[in-house]
Amino acid sequence: MSGILRECWAAVRARPVSSVTTALVIGLVCLVTLATTGRAAAIEQRVLDSVDSIGTALITVTDSNGSAGIHPSVVEVIGDLDGVDWAFALGPADDALPPDLTASLDGEPLTARSLLGELPGEVLLTAGRSARTGEAVAGRGAARSLGLVDAVGGVSVRGQPVAVVGTFTATGPLDALDSTVLIRDDDSAPPIVRYVYVRAEVGYDVAALAEVIQAILPAEAPSAVTVELAQGAIDLREVLAGSLGESSRQLMLMVLGIGLLLVAITMTGAVNARRRDFGRQRAIGATRSAIVAMVLIQSLMSGAIGAVVGSAAGVAVMWGIAGAAPSLTFTLSVVLLSLLVTIVGAAPPAIAASRRDPVSILRVP
Amino acid sequence: MSGGGLSCQDLTFAYRRARTPVIDTLSVNFAAGAVTAVTGPSGSGKSTLLYVLSLLLRPTAGSVIHDGLNLAAARDDVASRWRAREVGFVFQDAMLDPARTVLDNVCEPAVFAGVCRRAAERRAADLLDRFGVAHRADHRPAEISGGQAQRVGLCRALLNSPRLIFGDEPTGNLDSESGDVVWGALTEMARDGATVIVATHDTQRAARCDEWVRL
Ligand SMILES: Nc1ncnc2c1ncn2[C@@H]1O[C@H](COP(=O)(O)OP(=O)(O)OP(=O)(O)O)[C@@H](O)[C@H]1O
Ligand SMILES: [Mg+2]
């Protein structure tokens with residue numbers, strides 16, 4: 001066997017043109033597969049990420065008429081649950097007025113709410129600092145309406161002046177917070193909780209988490225709250241994941257199919273150019289299976305070189321386009337598939353070579 | 001005379017699209033230790049006979065017996081392995097692989113006989129030396145003369161020390177000096193016990209061989 005391998009490697013090197021052609025075809029198959037399918041997979045991930053940012057992972061607990069009596073410890077209790085990324089709570093709405101009562105608000109009246117827990121990363125502080133006890137931060141829209149200078153100023157809530165020390169921008173499912181003023185209440189008045197926002201960790205079963213929250217919610221009348229999921233977004237995600245996966249699979253099959261055809265054509269050409277060699281080898285004692293094995297091993301050797309070089313190039317291209325390399329598993333499966341394509345493409349010419357009548361070849365001078 | 005020799009009994013062979021057989025009920029004993037010349041006009045079936053005796057073509061009828069075994073209907077892989085182990089073939093045109101060196105060409109039969117490369121190279125170097133082409137071992141077939149190429153083909157045929165040697169006009173393209181070298185080598189192989197069968201147009205040579213079959 002090692003004799004055959006050695007002979008095959010020598011034959012691969014002795015015929016650089018057909019070896020390089022095979023390597024090139026397989027290399028291109030890997031490159032194109034990685035650059036298209038891999039890219040499609042990366043884009044797919046990005047689309048899904050953006051769907052997720054709409055709020056597939058967000059759970060909202062609402063006490064709409066204020067009768068549930070949600071306990072302020074809710075933020076800590078939920079925050080400690082498995083699968084929870086973050087949680088914070090908001091109190092009931094109050095009117096927020098400019099401190100100078102003579103100044104009139106343009107546009108919608110502003111809402112102020114008390115804040116429990118830490119604001120998550122989706123709420124980005126763009127100026128100033130975060131609020132300490134008795135202070136407030138304003139959403140970008142609210143800050144504009146209040147005419148805050150350098151994000152700092154004051155606001156009047158329930159007749160009390162409150163210092164605004166920062167401005168934030170809220171994105172994604174929390175963008176409604178942009179027009180509110182969030183107050184960190186002092187401890188004298190225990191805050192009332194009307195809304196709890198919870199985000200599930202990536203990949204966690206959101207529906208199951210929502211059920212757990214409903215069950216353990218620290219409230220006087222837990223049945224009075226509603227626990228909501230962004231069901232529409234969740235459904236959309238499932239549809240997208242299915243159809244995107246389908247389309248990249250079809251693309252990959254197409255590339256592999258074309259690769260198969262090209263390998264078959266290349267190998268048929270190479271085998272035809274070498275019919276004299278196979279005739280001679282049959283005459284000096286090669287079995288049919290030895291001829292098939294040699295053709296397959298030789299194309300696999302060239303193909304393997306192409307697969308390694310092509311995949312490396314494909315990974316590099318993907319890095320350039322999508323800024324992310326495909327996973328090792330994905331890359332290895334592309335390499336293995338391309339080698340399978342090499343074998344399947346080379347098999348018909350290999351079998352044809354082994355079945356050709358050696359005498360008719362020996363007769364041709 | 002069956003001491004390792006080759007014989008055929010009522011051997012008949014017809015090409016598939018031909019009406020009359022090229023070889024018709026031929027029975028010959030090719031003795032071990034002897035050179036048998038096969039002569040006949042062009043188209044009389046000399047090459048065909050060698051191909052049938054080496055099982056590259058299968059007899060339409062009759063038997064090919066080696067070592068007391070009738071190989072006429074042997075399976076293709078059995079016949080191939082038998083050729084690899086027992087048969088050396090010298091073609092009129094040397095039939096070298098132009099992409100490989102002279103040494104690689106001579107070593108080629110070792111692959112199919114399962115002989116290790118190192119042993120094959122040693123034997124090949126000896127043979128190339130014996131036929132005066134050792135200094136060409138690393139050259140390609142395109143870089144050597146026709147007479148040298150034919151000697152390289154002879155080295156390849158002898159690599160596995162076969163007990164059967166077929167030559168199809170092995171000296172047809174050679175000058176008399178190179179022809180003498182090839183005939184000398186074939187005779188020597190016969191003296192060492194091989195069964196040597198040579199198709200030739202050269203009746204003077206044929207007359208000097210141990211046996212002469214006219215087709
Ligand atoms: N594939 C084939 N189909 C039909 N007839 C064939 C085929 N090959 C050879 N023949 C015929 O078989 C006969 C014997 O051919 P063969 O090559 O054995 O002759 P030969 O004695 O070796 O001739 P030469 O001295 O010219 O080499 C010829 O008449 C030839 O035309
Ligand atoms: Mg002939």
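Restricting attention to the stretch A:1-21, which residues are within 8 Å of chain B (Cβ to nearest Cβ) and within 11 Å of A:ALA270 (Cα to Cα)?
If the condition is that a residue be within 8 Å of chain B (Cβ to nearest Cβ) and within 11 Å of A:ALA270 (Cα to Cα), then A:ARG15 is the only one that fits.
Being at positive phi, within 13 Å of ligand 1 (Cβ to nearest atom) and without any contact (Cβ under 8 Å) to a residue 40 or more places away in the chain is the filter here, so list the residues in the stretch B:43-88 that pass it. Let's see the steps before the verdict.
As a first pass, look at the stretch B:43-88 and keep what is at positive phi: B:43, B:45, B:55, B:62, B:67-68.
If we keep only those that are within 13 Å of ligand 1 (Cβ to nearest atom) too, we end up with B:43, B:45.
Within the stretch B:43-88, just B:GLY43 meets the criteria.
Listed residues B:VAL152, B:VAL182; which is more than 16 Å from ligand 1 (Cβ to nearest atom), assigned to a helix (DSSP H, G or I) and more than 14 Å from chain A (Cβ to nearest Cβ)?
The unique qualifying residue is B:VAL182.
Of a type outside the set (A, V, I, L, M, F, W, C), more than 16 Å from ligand 2 (Cβ to nearest atom) and within 14 Å of chain A (Cβ to nearest Cβ), is that true of B:SER161? I'd like the intermediate steps shown before the answer.
On the way: of a type outside the set (A, V, I, L, M, F, W, C): yes; more than 16 Å from ligand 2 (Cβ to nearest atom): yes; within 14 Å of chain A (Cβ to nearest Cβ): yes.
It is true that B:SER161 is of a type outside the set (A, V, I, L, M, F, W, C), more than 16 Å from ligand 2 (Cβ to nearest atom) and within 14 Å of chain A (Cβ to nearest Cβ).
Among the residues of the stretch B:192-215, count how many are over 14 Å from B:ILE165 (Cβ atoms) and aliphatic (A, V, I, L, M).
Qualifying residue count, the stretch B:192-215: 4.
Given the conditions (1) surrounded by fewer than 23 Cβ atoms within 10 Å (Cβ to Cβ); (2) modelled with pLDDT of 90 or more; (3) closer than 28 Å to A:THR287 by Cα; (4) hydrophobic (A, V, I, L, M, F, W, C), and given that B:ALA94 satisfies all but one, which numbered condition is not satisfied?
(2)
More than 34 Å from the chain's Cα centre (by Cα), crowded, with 18+ Cβ neighbours inside 10 Å and away from ligand 1 (no atom under 16 Å from the Cβ): which single residue out of A:THR331, A:THR266, A:THR342 fits that description? Before you say what the answer is, go through the steps one by one.
On the way: A:THR331 fails: more than 34 Å from the chain's Cα centre (by Cα); A:THR342 fails: more than 34 Å from the chain's Cα centre (by Cα).
Being more than 34 Å from the chain's Cα centre (by Cα), crowded, with 18+ Cβ neighbours inside 10 Å and away from ligand 1 (no atom under 16 Å from the Cβ) holds for just one of A:THR331, A:THR266, A:THR342, which is A:THR266.
What are the residues in the stretch B:188-215 that are surrounded by fewer than 16 Cβ atoms within 10 Å (Cβ to Cβ) and part of a helix (DSSP H, G or I), if any?
B:GLU188, B:ARG191, B:THR203, B:GLN204, B:ALA207, B:ARG208
Looking only at the stretch B:155-179, which residues are within 16 Å of ligand 1 (Cβ to nearest atom) and within 18 Å of B:ALA113 (Cβ to Cβ)?
Across the stretch B:155-179, the qualifying residue is only B:PHE166.
For the list (1) in contact (Cβ under 8 Å) with a residue 24 or more places away in the chain; (2) within 17 Å of A:VAL61 (Cβ to Cβ); (3) touching a strand residue (DSSP E or B) at 6+ places or on another chain (Cβ under 9 Å), I need the number of the one condition that A:VAL212 fails.
Of everything listed in (1) in contact (Cβ under 8 Å) with a residue 24 or more places away in the chain; (2) within 17 Å of A:VAL61 (Cβ to Cβ); (3) touching a strand residue (DSSP E or B) at 6+ places or on another chain (Cβ under 9 Å), A:VAL212 misses just condition (3).
Could you pull out every one of the strands (runs of 3 or more DSSP E) wholly within the stretch B:1-70 that has 3 or more residues that are over 23 Å from A:LEU362 (Cα atoms) and away from ligand 2 (no atom under 16 Å from the Cβ)?
Strands (runs of 3 or more DSSP E) meeting the threshold: B:6-13, B:23-30, B:61-66.
Quick check on this structure: which one of B:ASP104, B:ASP126 is without any contact (Cβ under 8 Å) to a residue 60 or more places away in the chain, within 8 Å of chain A (Cβ to nearest Cβ) and among the charged types (D, E, K, R)?
Values: B:ASP126 fails: within 8 Å of chain A (Cβ to nearest Cβ).
That would be B:ASP104, the only listed residue that is without any contact (Cβ under 8 Å) to a residue 60 or more places away in the chain, within 8 Å of chain A (Cβ to nearest Cβ) and among the charged types (D, E, K, R).
Pull out all pairs, ordered by first then second residue, where Cβ-Cβ is under 8 Å, the residues are six or more apart or on different chains, the first lies in the stretch A:238-262 and is in the same structural domain as A:VAL29 (by TED's automatic domain parsing) and among the β-branched types (Val, Ile, Thr), and the second is modelled with pLDDT of 80 or more and surrounded by 12 or more Cβ atoms within 10 Å (Cβ to Cβ).
Cβ pairs passing all conditions: A:VAL255/A:VAL29; A:VAL255/A:VAL32; A:VAL255/A:THR33; A:ILE258/A:VAL29.
The values are calculated or read from the model by the stated rules, or taken from the named source; none is laboratory data. Predicted, not measured: the structure shown is a model, and the values here were computed from it. Every residue, glycine among them, receives a Cβ derived from its backbone with ideal geometry; neighbour counts consider all protein chains shown.
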